[in-house]
Every structure is written in C-alpha cells, then in structure tokens.
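What follows is a set of notes on a single structure, which appears directly below.
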Amino acid sequence: MAANDLIAAIATAPGRSGIGVIRLSGPGLSPVVEQIIGRLPSPRRATLADFRDCRGAAIDQGLALYFPGPHSYTGEDMLELQGHGGPVVLQLLLRRCVELGARIAEPGEFTKRAYLNNKLDLAQAESVIDLIDASTAQAARCAVRSLQGEFSDRIQEVIHALIDLRARVEATLDFPEEEIDFLQQADAVGRLRSVQQQLESVLEASRQGSLLREGIHIVLAGQPNVGKSSLLNRMAGEDLAIVTDIPGTTRDAIRQTIDVGGVPAHIIDTAGLHESEDPVEKLGMARTWAAIEKADLVLLLEDATRGETSADRAIVEKLPQRLPCLRVMNKIDLACRAPAVETRDGGPVVWLSAKTGAGVDLLRDALLKAVGWHSGGEGLYMARERHLQALNKARGHLQCAAGQERQPELFAEELRLAQEALSSITGEFTADDLLGEIFSRFCIGK
C-alpha cells in the first residue's frame with residue numbers, strides 16, 4: 001500500500017446504528033470533497049451538507065468535518081462524513097469516494113500514517129487498539145495513559161539517562177591518554193545502577209499492565225459434580241452453564257471473560273476429570289487437559305463434604321509443574337464450614353460455597369495474588385509482549401555492562417545495545433515487517 005494515496009474507509013462498526021462515519025485521508029482530498037458536498041468545509045467546523053452521487057442526487061444528509069494537515073489525526077488532510085448508520089447508505093457513500101479516486105484503507109492504515117507522520121510514536125499507536133479492545137474499566141484507563149504518552153515518557157527518561165552515561169563513558173575512549181579515570185570521576189557505576197533502578201520500575205509496571213491487556217486464563221478443573229459450573233455462574237453473575245445434580249453434565253468447555261478486581265479473567269469451565277469408558281466423556285476430558293496446558297492458573301475444585309480424595313490428589317499430581325494451582329473446597333454450605341483461606345502443601349486453599357456466594361470474594365483476592373497482581377491499577381502501562389521482550393533485553397545488556405566497568409569499550413557497547421532495545425518500543429528502530437504485523441491487527445477505519 002502506498003503512503004501517498006487518498007484512502008477511505010467506514011470507521012463505525014458493521015450493522016445498523018444511529019450514525020455512520022466515513023473517513024478519508026491523504027493528498028488530493030479537496031476535489032473529492034467538492035464533488036461529494038459541493039464545497040470545501042471550514043476547517044474543524046461541523047458543516048451540514050448533502051452527500052451526492054455522480055448524478056448530483058443525494059445519497060444521504062449529514063455533517064462534514066474537515067481537518068487540514070498537519071493538524072489532523074493522520075497529519076494529512078482529512079475528512080469525516082457523518083451520516084446515518086445504515087449499511088447500504090454507508091456502502092453507497094464509500095463507493096462514491098472510490099469512484100472519485102480514493103482507495104479502501106487497509107486495517108490500521110489511518111493510525112499507521114499518524115505514526116509515520118510523527119503524530120504518535122509506536123507505543124502510543126499500539127495503545128489505540130488496546131483501548132478499543134479493553135475488556136475492563138481498569139484496562140481502558142491503562143490504555144488511555146499509554147495513548148497520552150505516559151509509557152513512552154518513562155521509556156524516554158531511561159533512554160536519556162543512558163545517553164548521558166554513554167557520553168561520559170565514550171569520553172574515556174576519545175581521550176585515552178588522560179591520566180584521570182573518567183569512569184570513576186563520572187561515577188559511571190553509580191549512574192548505571194540508577195539507570196537499572198529506573199528500568200526495573202518501568203518493567204514492573206509493564207508486567208502488571210500486561211495482565212490488564214492479556215488477562216488471566218483460568219481453567220476450572222476437578223472431578224464431576226464438584227460445582228465447577230456453579231462457580232462459573234456465580235463469578236460471572238449469570239447462568240452460563242447448565243447446573244444439575246447429575247455428574248458429567250458439562251461435556252465441552254464453556255468460556256467467559258469476567259472482571260476480577262479490574263483484571264480480565266478468561267475462565268473456562270471444563271468436563272469433570274474421572275475414569276470413564278464413555279467416548280464423549282473421554283473426548284471432553286482430553287479437551288480439559290488441553291485447556292490446562294494453555295492456562296495461567298488452574299482452580300482445582302473439591303467437594304468440602306468429603307474432603308480431599310485420592311482422585312483429587314491424582315489430578316494434582318498430573319498438573320504441569322510450572323502451572324500455579326489454587327485449591328478450592330466448594331459446598332461449605334453443606335459441610336457447615338465458614339469461608340476461609342488456609343494453606344495446604346505450601347499453597348492456598350479457599351473454602352467457599354458457589355451456591356450461596358460465601359467466600360467467593362476470598363477466591364477473587366486469592367487468584368489475583370496467585371498470578372502476581374499486586375497493584376491498584378494506577379501508574380501501569382498496557383504493555384505488549386514485544387515491550388516486555390525489549391525491556392528484558394535492555395535489562396540483560398545493563399547487567400552485562402555492570403561487569404565491564406574496567407573495559408570501557410565493552411561497557412559502552414552494552415549501553416548502546418540497551419538503548420537500541422528501548423528505542424524499539426517507541427519505534428525509533430523498528431523493522432517494516434514488524435510495522436505490518438502490528439497494524440494488520442487493527443480494525444479498518446482506525
């Protein structure tokens with residue numbers, strides 16, 4: 001796709017709605033606007049107009065908003081046509097734009113142009129889609145902070161500290177005959193330690209923020225009829241799964257995303273794990289184990305009326321060792337137990353009743369703790385996997401530099417590599433194929 005084309009797209013979601021928006025951006029916009037509405041609107045003022053076809057007949061009536069570049073979202077001349085939200089009307093209007101020389105925009109192309117025209121850096125551009133996809137209020141607020149540049153500003157603070165340190169170190173390389181030990185005089189080791197502390201702070205906030213973006217993938221597992229479906233319904237606040245007293249009611253996985261303390265939790269209710277010759281039940285249990293392999297956390301439910309059984313212990317022993325497991329003793333209403341969190345085999349056990357809701361709040365707190373969530377959500381950044389990889393790469397280079405203070409050339413090179421890794425987050429050093437991968441995940445019209 002050429003960066004100097006006039007592009008157009010429907011910017012509102014498919015289907016019927018009160019308002020539908022067509023966006024155009026790029027060179028040669030003025031004659032297209034004049035053909036559609038008869039004149040170029042005043043900049044940044046809503047103008048009521050008829051949107052006309054090639055014969056001059058009205059396709060629709062609505063508002064036209066004109067944003068001359070560079071003072072626009074993309075940095076180019078840009079127009080929004082806001083009409084009625086009928087799919088047929090919007091398609092007719094889009095077809096008219098194409099007839100006049102525009103081409104259909106690729107996914108994310110408007111935001112990509114904003115990035116290429118220095119209206120946003122790459123981390124801010126990515127936060128646009130994170131804001132659109134946010135599944136909790138906490139995640140949305142986190143994405144807005146990144147969009148406003150808070151994450152990028154923190155990265156730039158570390159980069160500037162690195163640049164200052166590099167300048168001092170490279171002075172040693174430029175003047176090797178000087179008797180003064182520049183590294184010692186400049187307190188290079190102390191400054192490096194300060195940079196490392198800054199980076200650790202950003203990395204921790206980013207790790208926590210990644211939980212808001214990716215969510216927690218939780219599998220409800222256990223023997224049949226221990227209350228997995230009841231617990232899913234209780235946590236979701238609605239009847240998603242069928243609940244009966246008949247063991248084995250759940251044959252296939254049921255998925256639901258809920259808000260747990262501001263963190264999206266993707267919960268999967270699975271078939272009960274037990275010995276069976278039924279081919280359908282065996283298939284359901286195979287899917288349960290497949291879901292467990294991909295999970296971040298397993299909630300292993302047990303029946304509080306009978307306590308831990310050998311079958312429960314067999315399931316625990318079969319779980320992947322790297323996978324956190326939170327034990328849940330359900331049906332305390334039948335066992336005459338109070339809600340509580342105890343410790344068994346070095347791990348937490350939550351006593352609750354999915355039927356009455358007693359102890360469910362304790363479970364919410366325990367599962368957030370189990371995945372390492374320890375923030376109220378303020379000061380976090382909606383970090384992606386590539387951001388975490390870059391931060392960890394920079395961290396590794398700084399750790400290597402800490403062992404090279406007696407060899408200024410190697411010390412300086414590790415600092416340079418750390419700076420390069422951090423700069424990839426905001427897009428200062430970014431490959432074209434990465435840009436294509438990032439923006440292809442956007443919706444068309446954004």
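The values are calculated or read from the model by the stated rules, or taken from the named source; none is laboratory data. If you're wondering where the values come from, they're calculated on a predicted model, not measured in any experiment. All Cβ positions, even for glycine, are placed from backbone atoms using ideal geometry, and neighbour counts span all protein chains on display. Ligands, DNA and RNA are excluded from the accessible area calculation, which covers all protein heavy atoms including side chains. Shrake-Rupley method; radii C 1.70, N 1.55, O 1.52, S 1.80 Å.
Things worth noting here:
- Highest average packing first - 113-125, 333-345, Cβ atoms within 10 Å: 113-125, 333-345
- Computed from point charges on the beta carbon alone (+1 for Lys and Arg, -1 for Asp and Glu), the dipole magnitude for the chain about its Cα centre is near 1500 Debye.
- Long-range HN-HN contacts of Gly20 with modeled amide H, under 5 Å: Gly83, His84, Gly85
- Protection proxy ranking of 388-394, 326-332, by the mean of other Cβ atoms within 10 Å over each peptide's residues and highest first, is 326-332, 388-394.
- Helix-derived mean residue ellipticity, 222 nm - over the chain, DSSP H n ≥ 4, -39500 (n - 2.57), to 500: -14000 deg cm²/dmol
- Summed over the residues of the chain and divided among them, the accessible surface reaches 48 Å² per residue at a probe radius of 1.4 Å.
- Using θ = phi - 60° and Karplus 6.51 cos²θ - 1.76 cosθ + 1.60, couplings along the range 220-231 (whole Hz; Gly, Pro as x): 8, 10, x, 5, x, 6, 9, x, 5, 5, 5, 5
- Rounded to 5, the percent of DSSP beta bridges in the chain classed as antiparallel: 60 percent
- Coupling constants for the range 162-168 follow from the phi torsions by the Karplus curve (6.51 cos²θ - 1.76 cosθ + 1.60, θ = phi - 60°), and in residue order they are 5, 4, 4, 5, 4, 4, 5 Hz; glycine and proline get x.
- Cα lying deepest toward the dipole's positive end in the range 1-116, options Ala11, Leu100, Gly62, charges on Cβ: Gly62
- Relative contact order for the chain, counting Cα pairs under 8 Å that sit 6 or more residues apart, in percent: 17 percent
- The string of couplings for the range 214-219 from the Karplus curve (6.51, -1.76, 1.60, θ = phi - 60°) is 7, x, 10, 9, 10, 10 Hz, one whole number per residue in order, with x for Gly and Pro.
- Across the chain, the volume of the C-alpha convex hull divided among the residues equals 200 Å³ per residue.
- Solvent-accessible area, 1.4 Å probe, carbon plus sulfur percent, for the chain: 50 percent
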